[in-house]
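Asker: This structure is in structure tokens; I'll ask about it shortly.
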Amino acid sequence: MRRFLLAFAGLAVVLLALPIVGLLQRMPWSSLPDLLGDDVTLDALRVSLVVSLVAALVVLVLGTPLAWALGRTDLPGRRIVRALVVLPMVLPPVVGGAALLFALGRRGLIGQWLDRWFGLTLPFTLTGAIVAATFVALPFYVIAVEGALRTARREIDDLEGVASTLGAPPLTVLRRITLPRLLPAMGAGLALAWARALGEFGATITFAGNLPGRTQTLPLATFLALQSEPERALALSLVMLAVALAVLLPLRDRWLPGR
Amino acid sequence: MSALSLAGMTRMGDLRLDVDLVVEPDETVAVLGPNGAGKTSLLRLLAGLLSLDSGALAIGGATVDEPGTGAFLPPHLRRVGWVPQDRLLFPHLTVAGNVGFGPGVDADRVAGLLDALGLTGLAYRRPDECSGGQAQRVALARALATDPVVLLLDEPSAALDVESRHLINGVLTAAEAPATLLVTHDPVEAATLADRLVVLENGAVSQAGSPREVRSRPKTRYVASLAGLNLLEATASGTVAVTALGTRVVLAEPAEGPVHLVVPPTAVALHRSAPDGSPRNVWQAGVTDLQPAFERIRVVLDGPLPVVAEVTPAAVEELGLRVGSEVWAAVKATEVACHAI
């Protein structure tokens, strides 16, 4: 029994490790500086960083109050909203992109009014790419922070109570007690959301297109390069692998406890 | 001007808390009650974390909660120091950071309190590196640092080590200590720390008075069973303790130094003549009072060990007990609980 389990576990490890090995084995190390330094790569890197960082900021600003409303209030309809929050995680990203197009496109439900009243067009723009990335990334942050708020709700209530009896007004309590207590969960949630935004492909290409220098992110550029210039695809993949590791390393204590 | 005065009612779920309570400056009042009586809710109400449905609450002479007039002062504007049962130290701050948390608490005040409570060496430790007794001292120092008008203690010496108990008692009995309200389910803790006892049962005060009054005239079954315990101060050396009156009491377990001896009234056996047998504490006493307490009679004794015995009416009949009678009293060594002070 034990041997069978170990065999299958080993198979899983091979499945996870093999693609990375394959990627590194084919890496054109000598031409790497040229590939990474040219305009296509740099443009894609710039678009990717702008899209993912702005999306992370929006996630922080909108997601924190949402996590608070779900985790610390007894508002009606929380169950429905909670299901809605998880939806982008289970929805195929292409479907998400199409849905965004029907809602925010120039003929869409809201999009036609945005276009008519504000002259604001989202599809096939950098802003559209940011909206798509925010849509898919938001759940990761909200779930992490709401979970921390809910499991520690009693403790946070009590700590806030003590702080207030010591003479701290509500804003001081928020700044010196509540936020520091939630900081680890917020950091982890934000890192995951940002990584998800950086890797976003389906919703972006559906809603924002693939315009070099404007909406072409690293994943899109990689997919395109695979068909004509495999070496560039490898180089772009290396950039994203490095970014993924940079996010994973600070989180390893959370995910690999009891080392 | 009272440090605290409450006459009011509030509801929380199934519990209806309806309490009249006054704490004078320099006074320590213990609210004694079983689990679920509303003790912790009472403290939260006083701190401003819960509010009254009717009545009024004043702290330091100023009304802080009066639904009739709409007056309500939030916790941070009330001058109370709350020491919760589970301490609730701020986990991300050091010991010194916890004690100095309150706005306006300066470094000298923090240093003075750390010193008074034997915490100076722990100033830069995190709460999770403190023992239970140390954490309790930090929580007390943190509450005292803001100079409260009234200190609210929730089960203050539950599971404390001797050193912590000693340091905390020292600070609480110091001249500059604020008025103190402590809630506890432990009658020994209540009787040793408090000038006055208030018994809380099912959200209402069932009895109030000095520990001696409450002990000698219990009004409810709960008080009779708990607050009716005999408490004697003594100094232990090995398996013998000597009381303030110079009486030797044999203990089952060895102890050293100042102790409280706790003897349940039902453990005091009364006899017409000197009993013989196993290692016992036996003495001759006079009956000073007889009080009915439900199906039992409480017999108040004087003599070398002034305690209360609780016996059946049949025993009183059989022994012919009345005020002024002389009896022999006996307590087994194993019935004497010994608590280090």
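Asker: If you fit an axis through the alpha-carbon atoms of helix A:78-90 and take the longest principal axis of the Cα set of chain A, what angle between them do you get, 0 to 90°, nearest 10?
Answerer: For A:78-90 against chain A, the angle is about 20 degrees.
Asker: Whole Å is fine, so just give me how far the alpha carbon centre of the stretch A:91-133 lies from that of the stretch A:20-45.
Answerer: 32 Å
Asker: Which residue, B:GLY70, B:ALA293, B:VAL188, has the largest displacement toward the positive end of the dipole of the protein assembly as shown when charges sit on each Cβ (Lys, Arg +1; Asp, Glu -1)?
Answerer: Positive-most Cα among the choices belongs to B:GLY70.
Asker: Explain nothing, just the number: relative contact order of the stretch B:6-95, from Cα pairs under 8 Å at least 6 residues apart, as a whole percent.
Answerer: Across the stretch B:6-95, relative contact order equals 23 percent.
Asker: Using Cα springs under 10 Å in a Gaussian network model of chain A, which residue among A:PRO123, A:PRO65, A:PRO93 shows the largest mean-square fluctuation?
Answerer: Largest GNM mean-square fluctuation: A:PRO65.
Asker: Have a look at A:SER164, A:SER237, A:SER48 and tell me which one the Gaussian network model of chain A (Cα, springs below 10 Å) gives the largest fluctuation.
Answerer: Among A:SER164, A:SER237, A:SER48, the largest mean-square fluctuation in the Gaussian network model of chain A belongs to A:SER164.
Asker: Is chain A best put as rounded, prolate or oblate by its Cα gyration tensor, with a ≥ b ≥ c the root eigenvalues, rounded for a/c under 1.5, and otherwise prolate when a/b is larger than b/c, oblate when not?
Answerer: oblate
Asker: Ok, one more. Have a look at B:ALA204, B:ALA58, B:ALA71 and tell me which one the Gaussian network model of chain B (Cα, springs below 10 Å) gives the largest fluctuation.
Answerer: Maximum among the listed residues: B:ALA71.
Asker: Can you bin every Cα-Cα distance in the stretch B:231-340 into 5 Å intervals starting at zero and give me the percent of pairs per bin, rounded to whole numbers?
Answerer: P(r) over the stretch B:231-340, rounded to whole percents: 2, 13, 23, 23, 18, 12, 6, 2, 0.
Asker: Take the Cα atoms of chain B, find their three principal axes, and give me the spread along each one in whole Å, biggest first.
Answerer: Extents along the principal axes: 67, 49, 33 Å.
Asker: Using the Cα gyration tensor of the stretch A:22-168, with a ≥ b ≥ c the square roots of its eigenvalues, what is the shape: rounded (a/c below 1.5), prolate (a/b larger than b/c) or oblate (neither)?
Answerer: Working: a/c = 2.34, a/b = 1.45, b/c = 1.61.
Oblate shape, in that a/c is at least 1.5 and b/c is the bigger or equal ratio.
Asker: Okay, next question. Between B:HIS166 and A:LEU226, what's the calculated FRET efficiency when r is the beta-carbon distance and R0 is 56 Å? Round to 0.05.
Answerer: On the way: r = 75 Å, r/R0 = 1.34.
Plugging the Cβ-Cβ distance into 1/(1 + (r/R0)^6) gives 0.15.
Asker: Could you work out the equivalent-ellipsoid semi-axes for the protein assembly as shown, taking the square root of 5 times each eigenvalue of the Cα gyration tensor, largest first, in whole Å?
Answerer: Working from the Cα gyration tensor, I get semi-axes of 70, 28, 22 Å.
Asker: Let me ask something else. Write down the Kirkwood hydrodynamic radius of the stretch B:146-276, to one decimal in angstroms, obtained as one divided by the mean of 1/r over all alpha carbon pairs.
Answerer: In the stretch B:146-276 this quantity evaluates to 16.8 Å.
Asker: I would also like to ask the following. Net charge near A:THR204, counting Lys/Arg +1 and Asp/Glu -1 over other residues with Cβ under 13 Å of its Cβ?
Answerer: So the surrounding residues net to +1.
Asker: Follow-up question, since we're still on this one. Which whole number gives the average count of other chain Cβ atoms within 10 Å of the Cβ atoms across peptide A:181-188? Mind showing how you got there, number by number?
Answerer: Working: counts 3, 0, 1, 1, 0, 0, 0, 0.
The mean count of partner-chain Cβ atoms within 10 Å per residue comes to 1.
Asker: Okay, moving on. Using only DSSP helix segments of four residues or longer, with each worth -39500 (n - 2.57), what per-residue ellipticity at 222 nm results for chain B after dividing by its residue count and rounding to 500?
Answerer: Result for chain B: -6000 deg cm²/dmol, rounded to the nearest 500.
Asker: Moving to a separate point now. Of B:ALA179, B:PRO148, B:LEU200, which is farthest along the charge dipole of the stretch B:126-227 in the positive direction, counting Lys and Arg as +1 and Asp and Glu as -1 at C-beta?
Answerer: Final value for the positive-end residue is B:LEU200.
Asker: With all distinct Cα pairs included, what does the Kirkwood hydrodynamic radius of the stretch A:133-259 come out to in Å, to one decimal, could you say? The partial results should precede the final answer.
Answerer: Working: mean 1/r = 0.0575 Å⁻¹.
In the stretch A:133-259 this quantity evaluates to 17.4 Å.
Asker: Let me ask you something else. For the pair B:ALA314/A:ARG116, report the inter-label distance in nm, with labels modelled 7 Å from Cα in the Cβ direction.
Answerer: Each label point lies 7 Å from its Cα, and together they span 9.6 nm.
Asker: Using the 10 angstrom Cβ neighbour count as an exposure proxy, how do B:HIS271, B:HIS339 rank, fewest first?
Answerer: Starting with the residue having the fewest Cβ neighbours, the order is B:HIS271, B:HIS339.
Asker: Give the distance, in whole Å, between the Cα centre of the stretch B:123-195 and the Cα centre of the stretch B:14-33.
Answerer: So the separation of the two Cα centres works out to 18 Å.
Asker: Counting only C-alpha contacts under 8 Å and six or more residues apart, can you give the relative contact order of chain B as a whole percent? Could you put the intermediate results ahead of the total?
Answerer: Working: 740 pairs, mean separation 53.0, N = 341.
Normalised by residue count, the contact order of chain B is 16 percent.
Asker: Can I ask one more? Run the dipole for chain A about the Cα centre, Lys and Arg Cβ at +1, Asp and Glu Cβ at -1, nothing else charged, and hand back the magnitude in debye, nearest 20. All intermediate terms of the calculation are to be shown ahead of the outcome.
Answerer: On the way: 23 positive and 15 negative charges, 164 e Å.
It comes to approximately 780 debye.
Asker: Using only the alpha carbons of the stretch B:104-161, determine the length spanned along each of the three principal axes and report them from longest to shortest in whole angstroms.
Answerer: 31, 27, 17
Asker: Let me know the Kirkwood hydrodynamic radius for the stretch B:19-61, please, with Cα pairs as the basis and the value in Å to one decimal.
Answerer: 11.8 Å
Asker: As a footprinting exposure proxy, order A:ARG232, B:ARG11 by other Cβ within 10 Å, with the fewest listed first.
Answerer: Fewest to most other Cβ atoms nearby, the residues stand as B:ARG11, A:ARG232.
Asker: Right, another one. Order of B:LEU229, A:LEU120, B:LEU32 from fewest to most other C-beta atoms within 10 Å?
Answerer: A:LEU120, B:LEU229, B:LEU32
Asker: Cα atoms only: what Rg and Dmax, in Å, come out for the stretch B:1-138?
Answerer: Here Rg and the maximum Cα pair distance are 17.1, 50 Å.
Asker: While we're on this one: Considering Cα pairs under 8 angstrom that are at least six residues apart, work out the relative contact order of the stretch B:231-340 and quote it in whole percent. Walk me through the numbers before you get to the answer.
Answerer: Values: 249 pairs, mean separation 35.7, N = 110.
The normalised contact order for the stretch B:231-340 reaches 32 percent.
Asker: Could you compute the net charge surrounding A:PHE124? Neighbours are other residues with a C-beta less than 12 Å from the C-beta of A:PHE124; K and R count +1, D and E count -1.
Answerer: Result for the neighbourhood of A:PHE124: +2.
Asker: Quickly work out the B:ARG248-to-B:THR266 label distance, labels modelled 7 Å from Cα along the C-beta direction, and quote it in nm with one decimal.
Answerer: 3.1 nm
Readers should treat all values here as calculations from the given coordinates under stated rules, not as data from a laboratory. From a predicted model like this one, the values you see are computed outputs, not experimental measurements. Note: ideal-geometry Cβ built from the backbone for every residue, glycine included; neighbour counts use all protein chains shown.
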